[in-house]
Amino acid sequence: MDQALLKRLEVFHAAAELMHRYQALVDAKDVDGLACLVTDDVELVRVQGNRKGREAFLDLYREFAASDVELAQHMLTNLQVSPLGGERYQVDACFWVITTHRTGEARQVWGRYRNDIVQADGEWRIAAKRISVTGIAIVPEDALVPADVTSFGTLPRRVTTTEHGGERVR
């Protein structure tokens, strides 16, 4: 097999594994685990502001872990890996996350990641993480059905009272 192709496949697989581990650790609110995935000088870029360094990066996830999020489930798609020169690679992907909150509602957040990854001490690590949120949708508690309801067939109908005293059937 062509060595260049083999290297591309190896890096693509490593990038996919790294992104999936990142999302699983965020979902689990495992800040210590996330610390192992990033370089000492990792850069984090978000519309809310930039951060540099492992501790500054982890502060975002400490905030998330302390938030009212009860459950988070990230999904990743459209992964692309491009060489940046040397042993640095750019990893682009789309993400979608659903979170449930102590207040009862759920949120859907979607957007794009643009990460730089490098090998350090034989492990692939995130050297730069750019998170671009495209949209956020709030799903009110009264729009959610219990998790034990089948996802196919007839869904339970709910009758709720509107703020004006009328009834609404869902």
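The values are calculated or read from the model by the stated rules, or taken from the named source; none is laboratory data. Just so it is clear, the structure is predicted and the values come from calculations on it, not from any experiment. Counting neighbours? That spans all protein chains shown, and the Cβs are built from the backbone with ideal geometry, glycine included. For the accessible areas, the whole protein counts, side chains as well, though only heavy atoms, and no ligand, DNA or RNA atoms are used. Shrake-Rupley method; radii C 1.70, N 1.55, O 1.52, S 1.80 Å.
Here are the numbers:
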quantity: Residues that are surrounded by 15 or more Cβ atoms within 10 Å (Cβ to Cβ), closer than 23 Å to A147 by Cα and aliphatic (A, V, I, L, M), drawn from region 69-93; calculated: V69, A72, L76
quantity: Residues of region 82-96 satisfying the condition of being among the hydrophobic types (A, V, I, L, M, F, W, C), modelled with pLDDT of 95 or more and in contact with an Asp or Glu (Cβ under 8 Å, 6 or more places away or on another chain); calculated: V91
quantity: Conditions (1) touching a residue at least 12 places away in the same chain (Cβ under 8 Å); (2) open to solvent by 60 Å² or more (accessible area, probe 1.4 Å); number of the one not met by A66; calculated: (1)
quantity: Failed criterion for V133 (all others in (1) surrounded by fewer than 16 Cβ atoms within 10 Å (Cβ to Cβ); (2) touching a Lys or Arg at 6+ places or on another chain (Cβ under 6 Å) hold); calculated: (2)
quantity: Selection from region 11-23 of residues that are of a type outside the set (D, E, K, R) and surrounded by 15 or more Cβ atoms within 10 Å (Cβ to Cβ); calculated: V11, F12, A14, A15, A16, L18, M19, Y22, Q23
quantity: Residues satisfying the stated conditions in region 36-55, i.e. open to solvent by less than 40 Å² (accessible area, probe 1.4 Å) and under 18 Å from the mean Cα position of the chain (by Cα); calculated: L37, V38, V42, L44, G49
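Yes/no per residue for (1) surrounded by fewer than 16 Cβ atoms within 10 Å (Cβ to Cβ); (2) more than 15 Å from the chain's Cα centre (by Cα); (3) at positive phi; (4) of a type in the set (A, V, I, L, M, F, W, C):
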{"residue": "F95", "(1), (2), (3), (4)": "no, no, no, yes"}
{"residue": "T99", "(1), (2), (3), (4)": "no, no, no, no"}
{"residue": "G104", "(1), (2), (3), (4)": "yes, yes, yes, no"}
{"residue": "R107", "(1), (2), (3), (4)": "yes, no, no, no"}
{"residue": "W124", "(1), (2), (3), (4)": "no, yes, no, yes"}
